[in-house]
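Enquirer: Once you've had a glance at the structure underneath, I'll fire off some questions.
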Amino acid sequence: MYNTAVIAAPARFGTILQARGLRAFADGLIAVILPVHLDRLGFGVVAIGAIVTATLLGSSLLTLALGFSAHRLRLRRWLLLAALLMAGTGLGFAGLREFWPLLLVAFVGTLNPTGGDVSLFLPLEHTAIAHLAADTERTAIYARYAFIGSIGGALGALAAGALDWLDTLLPPQTASACLFLAYGVVGLAAFLLYLPVADIEAPGTQTSTGLGPSRGMVWKLAALFSIDSCGGGFIPNSLLAVWFFQHFGMSVAAAGGIFFVIGICSAVSYFIAVRLAGRFGLVNTMVFTHLPSSVFLILAAFAPNWQLAVAALVLRGLLSQMDVPTRSSYVMAIVQPAERPAAASITAAPRGLAAAISPVISGWALSLSAFGWPLIFAGTLKIVYDIALLHQFRTIRPPEEQPAKSRQNG
């Protein structure tokens, strides 16, 4: 059933999960530090929003290019290139001070202001997991992958408080630049992790291709995911931190602590999502956990104090990310194995492109008022996405949810 790549699956999973944890820590750290560093360089909220947009836009275009060419290249080679690009991104942000050079590095690099994972690594590692995992284990492994990502991101956000200590030792700009150097070091560590790994291929003898019979479903999913991501783009952690700073006068350490708690809540929810998906199905789990989370997001905008705002966001964190492992598992399950690299990239890239539109609008809105308009915009779009996803895909089931007789006939 599987080729020789699957024999070493546990070792491959270990490498993927280690790399994910390291990158997540760096992403969580930088998502909080980015607006602080740019503010120290003299940039306003609109300029910060533009740089955040550039990071999302560049990552999306690179991921889209991967979707059309990944079937011609090996997964390992792409992973190594992405790791080197991450190292270069950290070095660029640590050394540059002017807006336009930083905007260019943000566009071509791997910087992730969301605290999640919107980088080139995501479709590559998702494809590798799908190739190595059995259908009945796939969602659980994606949950472990997402769990480690959330824990790493939460710890990275908490570590952002180290900036206060560095400020006592170094000039402010140099102190925050050192943390971008740490981001680059993590990229080198990811490179070293993937360097000795053999390549990972699709099950069977068929080589990867572009999209085939699943083309229509993949593009429809990509469009729906784009609506969700456009909503999420209004509230990347970097700009949510700006809202905390402006609206409630929070410190960097306090904001990092809040993102840590939210990240822990999200991490716990992934394993609950696996159980829910086993009982109610992947699509139902995605929709009926995501809908109430969007309501909590809207409520946070109207909170009269930071305590209630944080409470609403924590409740959202318990629910909003249950669709992460289930969504990844669903996409990989309903396409042919040979289509997985293209499907993973094409469903990821438009999400980033859509999310790239929103931060500039959020930055503009926050420059006019400290009220949480970005949270309202985000929650509303996400509710639209949930309803549309349920309507379009409630009858399309992955192999493990189909009756045993249908699986045997297939």
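Only the coordinates and a few stated rules stand behind these numbers; no lab work does. Everything numeric here is computed off the predicted structure, so don't read it as measured data. Neighbour counts are summed over all protein chains in view; Cβ atoms, including those assigned to glycine, are modelled from backbone coordinates with ideal geometry.
Enquirer: So, in nm, how far is label I396 from label S251 when the simple model puts each one 7 Å beyond its Cα toward the Cβ?
Expert: Each label point lies 7 Å from its Cα, and together they span 5.0 nm.
Enquirer: Right, another one. Compute the Rg/Rh shape ratio of the range 15-162: radius of gyration over Kirkwood radius, all on alpha-carbon atoms.
Expert: Ratio of gyration radius to Kirkwood radius for the range 15-162: 0.99.
Enquirer: Quick one: grab Rg to one decimal and Dmax as a whole number for the range 174-285, Cα atoms only, in Å.
Expert: Cα only, the range 174-285: 20.4, 58 Å (Rg, Dmax).
Enquirer: Okay, moving on. When the helices in the chain are scored as -39500 (n - 2.57) per DSSP H run of 4 or longer and the sum is shared across all residues, what 222 nm value do you end up with, to the nearest 500 deg cm²/dmol? Let's see the in-between values first.
Expert: Details: 17 runs with 316 residues, N = 410.
It comes out at -26000 deg cm²/dmol, rounded to the nearest 500.
Enquirer: Oh, and also: So what is the relative contact order of the chain, in percent, for Cα pairs below 8 Å that sit 6 or more residues apart?
Expert: 29 percent
Enquirer: Here's something else I'd like to know. Quick check: the angle from helix 75-95's long axis to the longest principal axis of the chain, C-alpha only, nearest 10 degrees?
Expert: The answer is roughly 0 degrees.
Enquirer: Here's something else I'd like to know. With equal scatterers on the alpha carbons only and no solvent term, can you work out the Debye log10 of I(q)/I(0) for the range 308-410 at 0.14 1/Å?
Expert: -0.77
Enquirer: So, in nm, how far is label E98 from label L61 when the simple model puts each one 7 Å beyond its Cα toward the Cβ?
Expert: So the two model labels end up 2.0 nm from each other.
Enquirer: Then there's this: Of L193, S320, L282, which is farthest on the positive side of the dipole of the chain, counting Cα position, with +1 on Lys and Arg Cβ, -1 on Asp and Glu Cβ, and the Cα centre as origin?
Expert: Highest projection toward the positive end goes to L282.
Enquirer: Another question about this same structure. Just need the relative contact order of the range 251-314 here, percent rounded to a whole number, with Cα pairs under 8 Å and 6+ apart. Don't skip to the end; give the middle numbers.
Expert: On the way: 24 pairs, mean separation 19.1, N = 64.
Relative contact order comes out at 30 percent.
Enquirer: If you don't mind, another one. Counting every Cα pair in the range 13-58, what percent are over 15 Å apart?
Expert: 55 percent
Enquirer: Starting from the coordinates of the alpha-carbon atoms of the chain, obtain the Kirkwood hydrodynamic radius over all distinct pairs and give the value in Å to one decimal.
Expert: The answer is 21.1 Å.
Enquirer: Another question, if that's okay. Length gain on complete extension for the stretch L308 to L170, per 0.36 nm per residue less the alpha carbon to alpha carbon distance?
Expert: Length gained between L308 and L170: 46.1 nm.
Enquirer: While we're here: Charges on Cβ only, +1 for Lys and Arg, -1 for Asp and Glu, centred on the Cα centroid of the chain; of F244, F259, L381, which one is farthest towards the dipole's positive end?
Expert: With unit charges placed on the Cβ atoms, the residue in question is L381.
Enquirer: Please identify, among G372, G216, G153, the residue showing maximal mean-square fluctuation in a Gaussian network model of the chain using a 10 angstrom Cα cutoff.
Expert: Answer for the Gaussian network model of the chain: G216.
Enquirer: Turning to a different aspect of this structure: May I ask you to compute the full-extension gain from L181 to A134, defined as 0.36 nm times their residue separation minus their alpha-carbon distance, rounded to one decimal in nm?
Expert: Working: separation 47, 0.36 × 47 = 16.92 nm, distance 3.86 nm.
Full-extension gain reported as 13.1 nm.
Enquirer: Could I ask something else about it? Mind ordering 302-315, 373-386 by average Cβ neighbours within 10 Å, highest first?
Expert: 373-386, 302-315
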